[in-house]
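Down below is the structure, laid out as C-alpha cells.
The values are calculated or read from the model by the stated rules, or taken from the named source; none is laboratory data. If you're wondering where the values come from, they're calculated on a predicted model, not measured in any experiment. Neighbour counts run over all protein chains shown; Cβ positions are idealised from the backbone, glycine included.
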Amino acid sequence: MKKFHVTTTVNGDAVEYLCDPRETLLDCLRDKLNLTGAKEGCGTGDCGACSVTVDGRLVCSCLMLGVEAEGKQIETVEGIADGDILHPLQKKMIEYAALQCGICTPGILVAAKSLLEKNPNPTEEETRYWLAGNLCRCTGYDKIIRAVMDTAAEMREAS
Amino acid sequence: MALDDRKSDFTFVGTRPNRPDGLDKVTGRAKFGADAYAPGMLHGAILRSPHAHARIVKIDASKAEAHKDVKAVVTRADFADVPFKPGLEGEFYNVLENVMAGEKALYDGHAVAAVAATSALAARDALKLIEVEYEVLPHVTDVDKAMAPDAPVIREGAADYSVPEGMHPNVVRYHESGHGDLEAGFAEADLIIEDSFVTEATHQGYIEPHACLAILGNDGKGELWCTTQGHWIAQKTCAALLGIETSQLRVTASEIGGGFGGKTTVFIEPVALALSRKANRPVKLVMTRSEVFRATGPTSSASMDVKIGMKKDGTISAAQGIFRLQGGAFPGAPGDMTAMCAFAPYNLTNVKQIGYDVMANRPKQAAYRAPGAPMGAFAVESVIDELCNKLGLDPVEVRLKNAAHEGTKASYGPTYERIGLVETLEAAKAHPHYSAPLKPGQGRGISCGFWFNHGGETSVSLALSEDGSAQVMVGTPDIGGSRASMALMAAEVLGIPYENIRVTIADTATLGYNDVSHGSRVTYASGLATIKAARHAVEKLCERAAAKWGIPVDAVKWENGCAVPSGPNAGDFDPMPLADITADMGRTGGPISGHFEATPEGAGVSFGTHIVDAEVDPETGKTSVTRYTVIQDAGKAIHPTYVEGQYQGGAAQGIGWALNEEYIYGEDGRLQNSIFLDYRIPVASDLPMIDTVIVEVPNPGHPFGVRGVGETGIVPPLAAIANAVSNAAGVRMKRLPMSPPRILAALKDNG
C-alpha cells in the first residue's frame, strides 16, 4: 500500500516519517522514530500503556493513526524529564516504589502529568478515576495513587 | 535448629533505597521484550485455529510462500521430532505440541502455521494466504464434562501411572494424601458442612504481551532476546524443540513487563527461531493481546467438593477435599498443589485430599502466582466460615485454635519447622481493621492462605572492581525490584554502600544455570546465593589483608567493609577498607570474585491472613471492596516497600479473580472475551488502598531469615472476599467470579 509522508513534532523536535495508512501513531513512534517508551499492551485502547498527549490532550496512541499526527504537537514519556532533571512525578514514582515491572509506568506518568496540569489538587477519587484507563497488574495501584497525590501536594507547595 | 550463621542485626537490609533501574523505568529507556530491533529484521505472525478441536487435514502455504514480502513459512514439520511421553514426563513434547499444532488443533487459538515477512503488516496479511483444511471434532471446555464418560478424548495415552483404572482418558494425573481416620473424625464433629465450589479460569494479565527477537543460523548457533521469567528454561526448551545444542543458543532476558507465572515457559520463541532459521534473517515476533488471552497459559478452572467437621469449641475434627482442575489440552493442571495446599494452614488429626489433573479443549495452563492454591483455599475457607457462622464462633479465634505451628504434621505430609501463621492471626486479631464497625450492607471476611515457596537451581557471580565497587550477576529476571534486594544483601555482607553495587541479570552465556523467577524464590534463592558469593569474595579479601600484614588468615575478620585483625596474636593494624585491597589486587594475586551455585532446599513455607470488608448493592449486584488488610510472614523483609508491593499486588489480583475475571467460552468452544475491555482486570477506581502488615518470623533456611513473599498474597483473597460478600449478602457464594449477575441470582434464589 502507498505510504504517506507525515511531518509532526514530538517532544519539541520536528520529525518526519513515511507510514502505511493502517499503522497507528504508536507504531510510528516506536518503529519509525525509535521512541519505544510508549508500550503496546492491548492495541484496543483499554490499557493505557501507550498514552501520549496530542496537542495537550491525553490519548491512547494505539487508537490514533500515524497519518493523523500531521502538524500536531506530541508529547511522550521520553519528553517528561527536563534534560537530566526528572519531573517530580518521575522522582516520586521511584521513591514510592510505585512500579514493580515498570511496563505501565510510561503511560501512568503521561496520564498523571496530564491530570496535574488540569487539576493540581485532585482528590484520591479523582486521581483513581483519571488513572482508571491505565492498567497496572503489579501494584494494586496503592503506591501509584500515593505517589501522584504526594507529587501534587509538593508541586502546589513549590508554586 | 542451629541458627549460628543467621544474622539478625542489619545495616542495609530492611532499608528502603530507590531501585537501581528506577531511572530507566520512569524515562522510557528500559528495554522490554518488544523494544529490540536488529539489522535486516523480519516480522513474524502466527496463524491460529478458529476451532476448539479439529483434525488438521491439510495446510497449503504455497500462496503465502510465493508472495514477494514473505521470506519464510513454518509449520510443525520445521521443528524437531520430540518423543511423546505420558503426563509431565514428556513436557518438551507437550510444549512443542502447544507452540505449533501437530495432527490436531486442540483449542481456539492453537498455532498451526507462522510466517516471516518484511513488515508486521505484511506478515499479518500473509496469514490470510495460508489455506488450512480442518475436520472439526467434538470439543469440551468444562472440567466436570471433560471427566464424564461420553466426553471427547483430547489425547489417548496422556495419563501417567498415578491415575486409577477406569477414569476417562482426559484425567491425566491423580493425587491423594492425608492422614488419620476420617470416619472417626467426622463422628466426633458437632456440625458437618459439605459443599461444592467452582472457580473459572483467569489470566495472569501481565500488561506486556509476549515478545521476542530471534536469530538462528543453519550452523545451529542462535541468539534469542525475549521477555521471560527464566531464560535458561527458554534456552533448554527452544534448543530441544529446534533440535540444536543448548549451549549454542544464547538467551538474553529483556526487562519483563509482568509474568506472575505466565512467562515461565515458551510460546512464540521457538516459532521465531524456526522462522529465522528458514529465512536466514532475524525475526521479531510480538503477540497481540488477543493472542495472549487465547494462546498463552491462563490458570486452571476448578470444581471442588469440601467436607469439614467441627466441634462446638471450634476444633476441626475431620476435613476432606476433592479438587478437579482443568488445565487445557495438556497435562499439568495443578490439582496436586490445590489438594496439598488446601488444608495446609491447619493442625488436623484427620484429613484427606484428592486432586485431579484434567484435560479440556482450552489453552495449556501456566503457573499463576501460587498455582492451584487460591481455588482450594476458596472452598475450604468458605466452609470454615460457614461453620463459624452456624456455631456462633469468631473466625479468627477458630483459625487460631486450629492453626499449624512448628512441629505440626502438615496435611500434605511433612512436619513444619518454624512458621508464622499464628503470628499473622494474632496480628489480625489486634489490627484495628478487625474491630472496626461495619456499616449496613457491609460484610467482613477472613481467610488464611499457604504456599510452599521454592528453592531451585541457582548461580550467582560477584566481581570486585579496583575502585572498590562490586558487580553482581544473577540469573533470575527482575520482575518486581529484585535487583534492589540483591544489592542490599551484597552490601550487607561486603560492608560497602548499596549505591556502589550494580546488579545485572546475566544472559545464559555468562552464568551457570538458573531456575525461573517463580515459586517466590528470587529473594530467597538468588539472595542466598548472592550472600554466599559475597562471603566467598570476603574470604579472599581477608586472605589478601592477611598476606599484607604478614599474619595468618584466621587472624583476620571482616567488619563494616574492612579487614581487621582479630584475636590476641593478630597484631595491631588499622582496619583495611575493601577499596584498599582491591586497588592493587592485580599484583597481590589477581582479580577478586565470589561465586555460588546450589539448589537451596530451605525455602521455608509461608502463611498469610487477610481481612476484607465488602459492600454489596442489592439493586445491581455490584460489590465494592471498602477496606482490605494483608498480613503475611516475610521471614525477613529485605526491602520492605517492595514486600508491601507484593502483598498489595497479590490482593489486587485476588480481588479481580473473586469479583470479575473469567474466561468465557461459547457453545462453539471459542473464547468470547479475549481483550481487556471484556476481560476486565481491576482498575484504579475499583480498589481501595490496601493496608499491609509485614510479620517477620525468620526462615531457618536462609542466612538472613528470608521467606519468599510473591505468591502467598493471592491465596487468601478469593475466600476472604467470598466470605465478606456472603456475610454482606446473607447468602453463601460458591462460584467465582462473584459478578453482579451471579450475586443477583444468588439473592433471588435466597428469596
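Within segment B:345-358, being β-branched (Val, Ile, Thr) and buried (at least 24 other Cβ atoms within 10 Å of the Cβ) holds for B:Val351, B:Val358.
Against the conditions (1) surrounded by 24 or more Cβ atoms within 10 Å (Cβ to Cβ); (2) within 14 Å of chain A (Cβ to nearest Cβ); (3) under 30 Å from B:Met304 (Cα atoms); (4) not aliphatic (A, V, I, L, M), B:Asp633 satisfies every one except (2). Provide a single number: the residues in segment B:530-571 that are polar (S, T, N, Q) and at pLDDT below 95. Result for segment B:530-571: 2. When the residues of segment B:117-149 are filtered to those that are touching a helix residue (DSSP H, G or I) at 6+ places or on another chain (Cβ under 8 Å) and closer than 30 Å to A:Cys28 by Cα, the one that is farthest from the other protein chains (Cβ to nearest Cβ) is B:Ile130.
Among the candidates B:Ile681, B:Ile655, B:Ile675, the residue that is touching a helix residue (DSSP H, G or I) at 6+ places or on another chain (Cβ under 8 Å), of a type outside the set (Asp, Glu), within 9 Å of chain A (Cβ to nearest Cβ) and part of a helix (DSSP H, G or I) is uniquely B:Ile655. Within segment B:190-238, the set of residues being within 13 Å of chain A (Cβ to nearest Cβ) and of a type in the set (A, V, I, L, M, F, W, C) comprises B:Ile207, B:Ala211, B:Leu213. On inspection, A:Cys28 fails the criterion of being out of contact with any Lys or Arg (no Cβ under 8 Å at 6 or more places or on another chain), assigned to a loop (DSSP other than H, G, I, E, B), within 14 Å of chain B (Cβ to nearest Cβ) and not aromatic (Phe, Trp, Tyr). Identification of strands (runs of 3 or more DSSP E) wholly contained in segment B:267-344 with 3 or more residues that are out of contact with any helix residue (DSSP H, G or I) (no Cβ under 9 Å at 6 or more places or on another chain), in contact (Cβ under 8 Å) with a residue 60 or more places away in the chain and surrounded by 24 or more Cβ atoms within 10 Å (Cβ to Cβ) yields no element. Selection of segment A:80-136 for residues being β-branched (Val, Ile, Thr) and more than 9 Å from chain B (Cβ to nearest Cβ) yields A:Ile85, A:Ile108, A:Val110, A:Thr123. Tell me, yes or no, whether segment B:299-317 has at least one residue that is out of contact with any Cys (no Cβ under 9 Å at 6 or more places or on another chain) and either of a type in the set (Phe, Trp, Tyr) or not assigned by TED's automatic domain parsing to the domain that holds B:Leu191 (or both). The answer is no, given that none of the residues of segment B:299-317 is out of contact with any Cys (no Cβ under 9 Å at 6 or more places or on another chain) and either of a type in the set (Phe, Trp, Tyr) or not assigned by TED's automatic domain parsing to the domain that holds B:Leu191 (or both).
Those residues that are assigned to a strand (DSSP E or B) and either more than 23 Å from A:Asp27 (Cα to Cα) or within 14 Å of chain A (Cβ to nearest Cβ) (or both), I need them from segment B:36-46; list them, please. Scanning segment B:36-46 gives B:Leu42, B:His43, B:Ala45. When B:Arg483 is tested against (1) part of a helix (DSSP H, G or I); (2) among the charged types (D, E, K, R); (3) more than 19 Å from the chain's Cα centre (by Cα), only condition (3) is not met. Whether any residue in segment B:491-505 is in contact with a His (Cβ under 8 Å, 6 or more places away or on another chain) and either polar (S, T, N, Q) or assigned by TED's automatic domain parsing to the domain that holds B:Ile694 (or both) is what I want to check. No: zero hits. Looking across segment B:602-631, just one residue is of a type in the set (Asp, Glu) and closer than 18 Å to A:Gly140 by Cα, and that is B:Asp613. Can you name the residue in segment B:664-680 that is within 24 Å of the chain's Cα centre (by Cα) and crowded, with 23+ Cβ neighbours inside 10 Å and, of all such residues, is nearest to B:Tyr206 (Cα to Cα)? Among residues in segment B:664-680 that are within 24 Å of the chain's Cα centre (by Cα) and crowded, with 23+ Cβ neighbours inside 10 Å, the one nearest to B:Tyr206 (Cα to Cα) is B:Phe676.
Within segment B:410-434, the set of residues being in a helix (DSSP H, G or I) and either within 22 Å of B:Gly635 (Cα to Cα) or in contact with a helix residue (DSSP H, G or I) (Cβ under 9 Å, 6 or more places away or on another chain) (or both) comprises B:Leu421, B:Val422, B:Glu423, B:Thr424, B:Leu425, B:Glu426, B:Ala427, B:Ala428, B:Lys429, B:Ala430, B:Tyr434.
Taking the conditions (1) away from chain A (no Cβ under 14 Å); (2) surrounded by 21 or more Cβ atoms within 10 Å (Cβ to Cβ); (3) free of Cβ contacts under 8 Å to residues at least 40 places away in the same chain in turn, B:Val731 satisfies each one other than (2).
For every residue, the table says whether it meets (1) within 26 Å of B:Glu644 (Cβ to Cβ); (2) within 14 Å of chain A (Cβ to nearest Cβ); (3) modelled with pLDDT of 95 or more; (4) more than 29 Å from the chain's Cα centre (by Cα).
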site: B:Arg16; (1), (2), (3), (4): yes, yes, yes, no
site: B:Leu23; (1), (2), (3), (4): yes, yes, yes, no
site: B:Lys31; (1), (2), (3), (4): no, yes, yes, no
site: B:Ala34; (1), (2), (3), (4): no, yes, yes, no
site: B:Arg48; (1), (2), (3), (4): no, no, yes, no
site: B:Ala52; (1), (2), (3), (4): no, no, yes, no
site: B:Val57; (1), (2), (3), (4): no, no, yes, yes
site: B:Ala64; (1), (2), (3), (4): no, no, yes, yes
site: B:Phe84; (1), (2), (3), (4): no, no, yes, no
